[in-house]
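Report on the structure given below.
The values are calculated or read from the model by the stated rules, or taken from the named source; none is laboratory data. Fair warning: this is a prediction, and the values are worked out from it, not measured in the lab. No Cβ is skipped: glycine too gets one built from the backbone with ideal geometry, and neighbour counts run over all protein chains shown.
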Amino acid sequence: MKDENKQRINRRRLYRTALGRFFGSIRERFDLGEDSATQAEVVASITKSVEFRGTNLWVLICATFIASLGLNVNSTAVIIGAMLVSPLMGPIMGIGLSLGINDFQLLKKSLRNFLWMFVVSIVTSSVFFLFSPYSSAQSELLARTSPTTYDVLIAFFGGLAGMLAQTRRDRTGTVISGVAIATALMPPLCTAGFGIASGSPRFIFGALYLFLINAVFIAVASYLVVAFLKYEKSVAIDQAASKRMNRYVLSAVIIVLVPSIVMTFNIFRKTQFEANVDRFVNNVFQFNKTMLVDYSSRYRYDGTHSAIEVSLVGEPLSQNVIESVRAQLPAYGLENTELSVRQADDASSVDLTKIQKSYSEIIDEKNRTIRSMEERLAAVRTVDTIAVADLSREIPHVMAGVGSVSMAKHISYDTKGVACDTTVLVTVTPAVKNGTIDTDRIREWLRTRLKNDNIVVYVVEPK
């Protein structure tokens, strides 16, 4: 009995030891202590990047022009280049670091330089777009006007990665460059400059909100990294002041986060609405003598008075049929949606260019089907177009000892009754009994001769 107890205790100790080693190895892999720089080194590095004078000022102006050019000509590569050289990350990380260590002098310096960078970028981009000959809004500009919760996550995790890289002795440029590209601080400022130059509030406020998301959540991520690493405080403050500061940070996060959640929800609803419209139109508007030419939809974020407009040609639909179609809207999740039907005999006729485009698409599809059927037919007729007699005369030149040859087609059909594959069956009879026939050689020759890979060769002994 005592031996059993000892064995049980030993097994428990062994299990605990193995478990401890496993969790120890996990902790070791996630340990940030290795290769970490000292707090003084980190503070000195970020304080230096906060400076906004001389080289940093001119680099920022150049980066703003590069980003504005990229947005103007819709070049993603040029915009990425501007992000890589932009010095905007420095003051933002300085704000997060200063809040984490209670360095209020660094906080003032970071805020002041951040404001300077903001103003210089806005003014530079506004001047560029004011004199740019290209005034149309490209897709790269439009992409910066509707920030969502995904932008919040990108900025937050980008800020975490950037601050963690700053706390290493080896401050690799790969991480910092990647963070600069991912968080995209420069393009929203240039988009706001475009909005100012063109007098478009949508571009101004949408882009500035995206920039605010990036700046706030990079700073918050930096603040959290400093708190996690337990950096020493530069100035000791009482617990009440510390709690008050944490409340300020939390309030800033909530104020910036809530609108992005609302916008994300609205974008999701719009996407779902458009998918429902596609299903409704493609499933319901199937008539023998009436063809759907085009359709468009308009979504209202208040959930009411969204609209669908369809254009039809052919035999006009009666009012009863149209009402029957409208009755199916709720089944596709399109409640409170108005349906307008434009038919070719309406006073406002259907756009002829849309009809032409629709017919062109149908003709192209028919042509593709015809070409496919012609290819299959050509494969089916392969043996017919080359006389078996001619092949039989050619075989002795390919291989000696062949007495006779016969060929037949084996055609495979799909479930719709369409010929989809053809196999050529070849029967070869040697000139003498027990004669040797190289079936592989005949097969390869026929594949080349008939341009058909599906060749089956049988050898039948002569009678």
Just one of Thr47, Thr64, Thr38 is among the hydroxyl-bearing types (Ser, Thr, Tyr) and more than 21 Å from Lys233 (Cβ to Cβ); which is it? Thr64
List the residue pairs whose Cβ atoms are under 7 Å apart, where the first residue sits in region 401-424 and is at pLDDT below 75, the second is of a type in the set (Asp, Glu) and not in a strand (DSSP E or B), and the two are 6 or more positions apart or on different chains. Cys420/Asp414
With over 29 Å from Phe211 (Cα atoms) and either part of a loop (DSSP other than H, G, I, E, B) or among the β-branched types (Val, Ile, Thr) (or both) as the only criterion, which of Asn288, Asn320 stands out? Asn288
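Let's see how each residue does on (1) at pLDDT 85 or above; (2) surrounded by fewer than 22 Cβ atoms within 10 Å (Cβ to Cβ); (3) part of a helix (DSSP H, G or I); (4) of a type outside the set (Val, Ile, Thr):
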site: Leu164; (1), (2), (3), (4): yes, yes, yes, yes
site: Arg171; (1), (2), (3), (4): no, yes, no, yes
site: Gly178; (1), (2), (3), (4): no, yes, yes, yes
site: Pro188; (1), (2), (3), (4): yes, no, yes, yes
site: Thr191; (1), (2), (3), (4): yes, no, yes, no
site: Gly195; (1), (2), (3), (4): yes, no, yes, yes
Kindly establish whether Ala307 is small (Gly, Ala, Ser) and surrounded by 13 or more Cβ atoms within 10 Å (Cβ to Cβ). yes
Single unsatisfied condition, Ser126 versus (1) surrounded by fewer than 23 Cβ atoms within 10 Å (Cβ to Cβ); (2) modelled with pLDDT of 75 or more; (3) under 23 Å from Ala44 (Cα atoms): (3)
Screening Ala227, Ala275, Ala236, Ala252 for residues that are of a type outside the set (S, T, N, Q), surrounded by fewer than 18 Cβ atoms within 10 Å (Cβ to Cβ) and modelled with pLDDT under 85 leaves only Ala236
For Ser260, indicate whether it is of a type outside the set (Phe, Trp, Tyr), within 31 Å of the chain's Cα centre (by Cα) and not in a helix (DSSP H, G or I). no
For the structure I just gave you, tell me whether Gly94 is farther than 21 Å from Gly206 by Cβ, surrounded by 23 or more Cβ atoms within 10 Å (Cβ to Cβ) and of a type in the set (Gly, Ala, Ser). yes
Note down all Cβ pairs under 7 Å where the first residue falls in region 267-285 and is within 20 Å of Val325 (Cα to Cα), the second is small (Gly, Ala, Ser) and surrounded by 14 or more Cβ atoms within 10 Å (Cβ to Cβ), and they're at least six residues apart or on different chains. Phe273/Ser306; Glu274/Ser297; Asn276/Gly333; Val277/Ser297
Are any of the residues in region 217-224 in contact (Cβ under 8 Å) with a residue 12 or more places away in the chain and under 24 Å from the mean Cα position of the chain (by Cα)? yes
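For (1) surrounded by fewer than 17 Cβ atoms within 10 Å (Cβ to Cβ); (2) farther than 23 Å from Ala161 by Cβ; (3) free of Cβ contacts under 8 Å to residues at least 24 places away in the same chain, each residue gets a yes or a no:
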| residue | (1), (2), (3) |
| --- | --- |
| Thr64 | no, yes, no |
| Ser86 | no, no, no |
| Leu106 | no, no, no |
| Leu130 | yes, yes, no |
Working only within region 300-311, note down all residues that are in a loop (DSSP other than H, G, I, E, B) and either at pLDDT below 70 or closer than 9 Å to Thr337 by Cβ (or both). Tyr301, Asp302, Gly303, Thr304, His305
For region 432-446, give me the residue count where each residue is of a type outside the set (Phe, Trp, Tyr) and not in a loop (DSSP other than H, G, I, E, B). 7
For Arg53, are the conditions met, namely being in a loop (DSSP other than H, G, I, E, B), at negative phi and surrounded by fewer than 18 Cβ atoms within 10 Å (Cβ to Cβ)? yes
Within region 88-111, is even one residue more than 36 Å from the chain's Cα centre (by Cα), aromatic (Phe, Trp, Tyr) and at pLDDT 85 or above? yes
